[in-house]
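To keep things clear, I will list the structure first and then write my remarks on it.
Only the coordinates and a few stated rules stand behind these numbers; no lab work does. This one's a predicted model, so the numbers in the text were calculated from it and none came from an experiment. Because the Cβ atoms are built from the backbone with ideal geometry, glycine has one as well, and the counts that use them run over all protein chains shown.
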Amino acid sequence: MKSKKSKDVDLYLKHTSKQLRDLMIDVRAIIWKAIPDVEESIKYTVPFYSRQGLLCYLSPLKKKDGIYIGFAKGYLMSDESGIFSGKSLKYIRHIELRNKSEIKKKLLKEYLEEAVMFNEMKKGKNILSI
């Protein structure tokens, strides 16, 4: 199954400032390339990406000077590069982006693939004991 653009996300982007829209469009393209069968929708008022459960979402930073990509199970992810923020949150970890030059495509693809791996594990199994 191939990913399909969501008209709701297109509408969301249309009503976002150019700076944030450009960042979100670039990250959106990386998500589609990394996860060909990703499902895209609006949840909790922002673009969400799912595959066998919630993977990640895109959201403006509070000061609206950039975006972050939040990982639903970020607390389980390795973050070997140390780019996650939001470590005070119980489950979610995110990567803050303020301009296109901060997007590390290869690294973001690796993080997305790791997020997919956690969702593919059997539901109900204690993934912390694996």
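In terms of distances greater than 20 angstrom between alpha carbons, the cross-link table entries Lys63/Lys109; Lys33/Lys105; Lys73/Lys109; Lys14/Lys106 yield Lys63/Lys109; Lys14/Lys106. With neighbours defined as other Cβ atoms within 10 Å of a residue's Cβ, the residues Leu55, Leu11 order from fewest to most as Leu11, Leu55.
Rounded, prolate or oblate: pick one for the range 1-94, where a ≥ b ≥ c are the square roots of the eigenvalues of its C-alpha gyration tensor, a/c under 1.5 means rounded, and failing that, prolate if a/b is larger than b/c, else oblate. Here the range 1-94 falls in the oblate category. Charges were assigned to the Cβ only: +1 to each Lys and Arg, -1 to each Asp and Glu. The resulting dipole of the chain about its Cα centre is roughly 260 debye.
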